[in-house]
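Structure first, commentary second.
The values are calculated or read from the model by the stated rules, or taken from the named source; none is laboratory data. The shown structure was predicted, so the numbers you read here are calculated from the model rather than taken from an experiment. A quick note on method: Cβ atoms are made from the backbone with ideal geometry, for glycine too, and the neighbour counts reach across all protein chains shown.
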Amino acid sequence: MGTLDNEFVKFGRTVAEVMKHYGSAPDMELSANIGFILLDKEERKGLDAFTRGERFVAAVQGMSREVNNGGWDQFFRNSSGALAFDLVPALEAMGSKENLSMAQRALGRFGRPASLGEDDRWSHLESVRGDDDDNPWEDLDDEFYENPEDLEAMTLRYIASRFAEFPS
């Protein structure tokens, strides 16, 4: 079973197909469908093949998914962390206020690893967490869970306004 063969890919296998349903289908479902399209492209071609818009959407979706499931540490640790430095400009471009503020503070605590490659990112995370394995993002995790910003709606508006950046 491929990445695009699942229950969440019901509006199309390209961003253009999915966006035909914008305004008539639930934002959360459209966003999930687009997320799987981008995941499929990443698996087949790598992040270097992404347009700026695709990177921004993947960064925001990755942050939302990972922080919801395990906090900012999980965002930086998992593959979504490879897009960590795309997150702030992505949220700015989407018009976020609350998530943007949290991302700026989270990245400030994360600092600058040698690269965003997995090994460098993981080593850097260990140095940020320290010997006692404290979670330097715990307060931001809590703030994220209480945040009312609608990231799915922001993401879809962003895609609709920059449609040329989504050739997949």
Condition first: more than 16 Å from Ala160 (Cα to Cα) and not in a helix (DSSP H, G or I). Can you find one or more residues in segment 49-58 that meet it?
yes
Do you know which residues across segment 110-128 are among the aliphatic types (A, V, I, L, M) and either assigned to a helix (DSSP H, G or I) or surrounded by 12 or more Cβ atoms within 10 Å (Cβ to Cβ) (or both)?
Leu116, Leu125, Val128
Per the filter on segment 145-164, residues surrounded by 11 or more Cβ atoms within 10 Å (Cβ to Cβ), modelled with pLDDT under 95 and assigned to a helix (DSSP H, G or I) are Phe163
Pairs, first more than 11 Å from Leu156 (Cα to Cα) and modelled with pLDDT under 75 in segment 1-25, second surrounded by 15 or more Cβ atoms within 10 Å (Cβ to Cβ) and among the basic types (Lys, Arg), C-beta under 6 Å, six or more apart:
Leu4/Arg13
Out of (1) under 23 Å from Phe144 (Cα atoms); (2) among the hydroxyl-bearing types (Ser, Thr, Tyr); (3) in contact (Cβ under 8 Å) with a residue 12 or more places away in the chain, what's the single condition that is false for Ser101?
(3)
Of the residues Ser79, Ser64, Ser96, which single one is modelled with pLDDT under 95 and of a type outside the set (D, E, K, R)?
Ser79
